[in-house]
Amino acid sequence: MARSRQSSSRCQPDVPLTLLCAVGVLCGLTLPGNAAAAAKNDSCKEDVVLRADYFDADIKSDTTLMDNVVITHCDIRVEARRASATGNLDFDDTRLTLDGDVRITMENRGQLLSNQAVVLFRNNQLARATVTGDPAEFEQIREESGMPARGHAGEIVYDVGAGTVRFENDAWFNYGTTEMKGPSLVYNIREEKVQGTRASGERVRITVTPKSTPPKQPANAPPPADPPSGTAPQAPRAP
């Protein structure tokens, strides 16, 4: 984590000290249940497979138009109603612009949902995906606990090499009872760590909602009082 700068400001009241908030600079936390960072998987050697209902390729200009497109490669899946590609469609250096019902299935049980997206393939690998929407959405279901980590923003950038998801423009992130808001949030989908950075005078705000638990009965609590002596139960009244 970045080194804290000296500041006369104070953390907002709803930010626990245990989150080690570097005031005005960087706030970050590690989601529970993942003490060790997960290593990045080896590069996949499978083919990139593209399927579409409609396909119109201009080989001379290196442009391609597609409808209802699905692209799969190992644990990556890209779907959209429409797509246009520039560059040779061998995915060695290809840029695709997606529009309508965009869904990108990521590594580690994550996915992105948006209206538009731009994805870059380099060396037959998905290198980067930038999704935009009102808002664009992210979700990851943890394999161990099954609990979701969710976020949304006007723009989300998935950097495949770094294994990070960056939320920009009204960023929001939630895990369990913890909620983060700020101008820019970055979530590492492999290590399950999230960081937020101050920008343009706007600070990161973290809210932790206490878990509601029923009150416990004290161990030494007296038993319920018996009814007064001499009080006999009333006989039922005759019909």
I want to check the label-to-label distance for residue 127 and residue 211. Put each point 7 Å from Cα in the C-beta direction and report it in nm to one decimal.
4.4
In whole Hz, what ³J(HN,Hα) sequence does the stretch 136-141 give by Karplus (6.51, -1.76, 1.60; θ = phi - 60°), x for Gly and Pro?
7, 10, 9, 8, 9, 9
For the stretch 43-208, fraction of C-alpha pairs farther apart than 23 Å, in %
40
So how far apart, in nm, are the two label points at residue 174 and residue 159 if each is 7 Å from Cα heading toward Cβ?
2.7
Between residue 61 and residue 191, how high is the FRET efficiency from 1/(1 + (r/R0)^6) when r is the Cβ-Cβ distance and R₀ = 45 Å? Nearest 0.05.
0.60
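No lab work stands behind these numbers, since they all come straight from the coordinates. None of these values were measured; they are calculated from a predicted model. Because the Cβ atoms are built from the backbone with ideal geometry, glycine has one as well, and the counts that use them run over all protein chains shown.
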